[in-house]
Amino acid sequence: MVAETGAKRHLVHSHAREGDIPGTVDLSVKEGDDSAYGQALYPVPAEDPNDPLQWSVARKTLILVVCSLYSFLSNSSLLGPSVYIGIYAEEFGITPTTASNLISYANLAFGFGSLLLVPLYHKIGRRPVMLGSLILYCAGLIGCSQAKSYEVLMAMRVIHAFGSSVCEALPVQLVNDIFFLHERGKRLGIYTVCLCFGSTGPLFAGYMLNGGYSWRLFFYVEFAFGAALFLLAFFVVEETAYHRRKPSTTPPNETASADGEKPEAGVVESTTPVEDIPPRKTFTQTLKFWGVWEKDSDFFMMIVRSFTYFVVPHVFWVITTYGIYIGLGALAFNYTFPLKITAPPYNWSQLNSGLIALASFIGYLLAIPFTSSSDRLAAYLTRKNNGIREAEMRLGVMLPVMLLAPAGLILFGFAAEKNLHWISYFIGVAMNQFCSYFFFTFTLAYAIDSYTANISEMLIAMNLGKQAISFGMGLDLLDWVLQHGYAVMIAGVFGGIVLANNLALVVFMLWGKRIRGYMAKTWLAKVHRESVREVATH
């Protein structure tokens, strides 16, 4: 989006503006506009090379990749020890269900950490919180590697999970900070790829066991990569918090909103004198990790307001999607497969019990080529709609896979119940994870597009909700399955819940704009709009 013109960097311009209903955007190209897919850029960037929207695509992508790799590491360290449940039970003299709490409670801390760390990065900046969280993450991993008791291991698991919890919100925040509307689906896909590949942690943990190494090696390896990522983040991840001043001009032949409630994108006209455009920060200046203090950001009110997003339909759909797919999908597979495959008639070695993560890897890998599909579909439908973009335009790419995840759970459940060939487990998991990639990426992009909100508060609600759901469903998951049977719980109950969540897609495709319009008029939406500090970044 930013091109070089001689020795001078070109600053992009746009006349795009949001309509009266959040999620409806006029992307018609006017004279002097930069464009993509034949449409104007949105949000409207400031005439400042330090505006993250004006940074080069290479720099923005590198920042996102570093933060997304953090998501991969944290999720792999969270789920990896699931293959050690039997070993922990034997070493610490506890039941497998108690040992599985090392995964469940760490998962809970992973979600609730955002309750503090997200308001903190909104107060003091993204960069210092990310660097600090990496230090806490690494410290917890070293503690895990040295633990001699179940209690100490549990405490260290909670510490490294809490420390890394910000990685769930930060990549999404960065997509909102530094990328334009037409790029969000693809860029969120980068984050989702790393998030999903984090579920392959059990695969790596199993291979370490297979090599004859202790379970402690897994935490040493995670620490080494975490320390390397800290160094990379220190030199690459620049502070992305930026406040655009609301333009004083309005589009030709148009007037501002009469009610004055909804912030408009406005227009960035090419009227700024060249001498008034500030210089780009030097590399040394970008390394600074202090100096940000948002005096208008109320730390505790942000925490309180975040809970109000649970009643916003678009946000709630993201919460249920992530919570259900993590709790009923990933945890069900990682908990039950090792126990099932090491028992008759399969009699696999404990060392190979983590191979189910390979099926997840294949499912996600097959989905990667579709990462930009929602952006392309939305761009096509926007052109057909005379340049008016509706948030629901990206949802159509999810229709072909809507029934795939429930079918995968049915196959996995009956494979376990009837002792079918082991390949059935792998096919079922791959089907479920292929579908989950679409729902993870595009429900999140849809929620960000659809509602005028303080994105940080929205992310707190999303992370709290999804981790609480996955924690509640994973806490006694083994007992449920063993008591009622694999077919009843996984194929029947879990499959039915996933199906109900996926069918919400039809509701939002048909009535999503009406829901957006209704929500925009509520008292709650007014409270959320007033908490927005950025211009045209939702």
Practice prompt. Taking TYR121 as meeting all but one of (1) open to solvent by less than 10 Å² (accessible area, probe 1.4 Å); (2) at pLDDT 90 or above, write down the number of the exception.
Written response: (2)
Worksheet item: Quick one: VAL66 ticks every box in (1) under 23 Å from LEU203 (Cα atoms); (2) open to solvent by 30 Å² or more (accessible area, probe 1.4 Å); (3) among the β-branched types (Val, Ile, Thr) bar one, so which box is it?
Response: (2)
Practice prompt. Assess whether PRO49 counts as being open to solvent by 10 Å² or more (accessible area, probe 1.4 Å) and outside any helix (DSSP H, G or I).
Written response: yes
Discussion item. Contact list please: Cβ distance under 7 Å, first residue in the stretch 498-514 and open to solvent by 20 Å² or more (accessible area, probe 1.4 Å), second residue acidic (Asp, Glu) and in a helix (DSSP H, G or I), pairs at least six apart or on different chains.
Written reply: MET509/GLU392; LYS513/GLU392
Fill in: Contacts under 7 angstrom Cβ, first residue in the stretch 83-106 being within 20 Å of TYR207 (Cα to Cα), partner of a type outside the set (Gly, Ala, Ser) and exposed (fewer than 15 other Cβ atoms within 10 Å of the Cβ), 6 or more apart
ALA89/THR95
Worksheet item: Would you pick out the residues in the stretch 308-347 that are at pLDDT below 90, more than 20 Å from the chain's Cα centre (by Cα) and hydrophobic (A, V, I, L, M, F, W, C)?
Response: ALA332, PHE333, PHE337, LEU339, ALA343
Worksheet item: Can you tell me which of ILE85, ILE103, ILE94 is in a loop (DSSP other than H, G, I, E, B) and hydrophobic (A, V, I, L, M, F, W, C)?
Response: ILE94
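Tell me, please, whether a residue that is free of Cβ contacts under 8 Å to residues at least 60 places away in the same chain, more than 30 Å from LEU355 (Cα to Cα) and not in a loop (DSSP other than H, G, I, E, B) can be found in the stretch 14-24.
Within the stretch 14-24, the first condition is being free of Cβ contacts under 8 Å to residues at least 60 places away in the same chain, and the residues that meet it are none.
Within the stretch 14-24, not a single residue is free of Cβ contacts under 8 Å to residues at least 60 places away in the same chain, more than 30 Å from LEU355 (Cα to Cα) and not in a loop (DSSP other than H, G, I, E, B).
What helices (runs of 4 or more DSSP H), lying completely within the stretch 377-495, carry at least 3 residues that are closer than 26 Å to GLY363 by Cα and either open to solvent by 10 Å² or more (accessible area, probe 1.4 Å) or of a type in the set (D, E, K, R) (or both)?
On the way: elements: 404-418, 422-450, 455-475, 477-484.
Passing ranges, in order: 404-418, 422-450, 455-475.
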Discussion item. Scan the stretch 102-123 and tell me whether some residue there is among the hydroxyl-bearing types (Ser, Thr, Tyr) and within 17 Å of the chain's Cα centre (by Cα).
Written reply: yes
Worksheet entry | Exclusive hit being open to solvent by 20 Å² or more (accessible area, probe 1.4 Å), at pLDDT below 80 and out of contact with any Pro (no Cβ under 9 Å at 6 or more places or on another chain), set SER35, SER28 | SER35
Worksheet item: Among the residues of the stretch 285-310, which ones are out of contact with any Leu (no Cβ under 7 Å at 6 or more places or on another chain), aliphatic (A, V, I, L, M) and in a helix (DSSP H, G or I)?
Response: MET301, MET302, VAL304
Worksheet item: Here are some residues: THR336, THR320. Which one is touching a residue at least 60 places away in the same chain (Cβ under 8 Å), in a helix (DSSP H, G or I) and open to solvent by 10 Å² or more (accessible area, probe 1.4 Å)?
Response: THR320
Worksheet item: Does the stretch 339-360 contain at least one residue that is more than 22 Å from TYR84 (Cα to Cα), of a type in the set (S, T, N, Q), in contact with a Gly (Cβ under 7 Å, 6 or more places away or on another chain) and in a helix (DSSP H, G or I)?
Response: no
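Do we have MET489 as among the hydrophobic types (A, V, I, L, M, F, W, C) and closer than 30 Å to ASN176 by Cα here? Even if it seems obvious, please write down each step before you answer.
Numbers: among the hydrophobic types (A, V, I, L, M, F, W, C): yes; closer than 30 Å to ASN176 by Cα: no.
Here the answer is no, as MET489 does not meet what is asked.
From the residues in the stretch 190-215 that are aromatic (Phe, Trp, Tyr) and modelled with pLDDT of 85 or more, which one is farthest from GLU392 (Cα to Cα)?
Taking the stretch 190-215 and keeping what is aromatic (Phe, Trp, Tyr), we get 191, 197, 204, 207, 213, 215.
Restricting the remaining residues to those that are modelled with pLDDT of 85 or more gives 191, 197, 204, 215.
Values: TYR191: 21, PHE197: 27, PHE204: 38, TRP215: 46 Å.
Among them, the one singled out is TRP215.
Let's see how each residue does on (1) in contact (Cβ under 8 Å) with a residue 24 or more places away in the chain; (2) in contact with a Pro (Cβ under 8 Å, 6 or more places away or on another chain); (3) open to solvent by 60 Å² or more (accessible area, probe 1.4 Å):
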site	(1), (2), (3)
ASP298	no, no, yes
PRO313	yes, no, no
PRO344	no, no, yes
LEU358	yes, no, yes
TYR364	yes, no, no
ILE368	yes, no, no
Response to the item:
Per the filter on the stretch 175-192, residues more than 17 Å from ASN75 (Cβ to Cβ) and not basic (Lys, Arg) are VAL175, ASN176, ASP177, ILE178, PHE179, PHE180, LEU181, HIS182, GLU183, GLY185
Worksheet item: How about the stretch 139-189: which of its residues are in contact with a His (Cβ under 7 Å, 6 or more places away or on another chain) and either modelled with pLDDT of 95 or more or over 26 Å from MET393 (Cβ atoms) (or both)?
Response: GLY140, LEU141, CYS144
Worksheet item: Which pairs do you get when a residue that is within 24 Å of PHE180 (Cβ to Cβ), found in the stretch 225-253, comes within reach of a residue that is at pLDDT below 85 and aromatic (Phe, Trp, Tyr), reach meaning Cβ atoms under 9 angstrom, with the pair 6+ apart or on two chains?
Response: GLU239/PHE289
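The values are calculated or read from the model by the stated rules, or taken from the named source; none is laboratory data. Everything quoted here is computed from the prediction, not taken from an experiment. Cβ atoms come from the backbone with ideal geometry, glycine included; neighbour counts cover every protein chain shown. Ligands, DNA and RNA are excluded from the accessible area calculation, which covers all protein heavy atoms including side chains. Shrake-Rupley method; radii C 1.70, N 1.55, O 1.52, S 1.80 Å.
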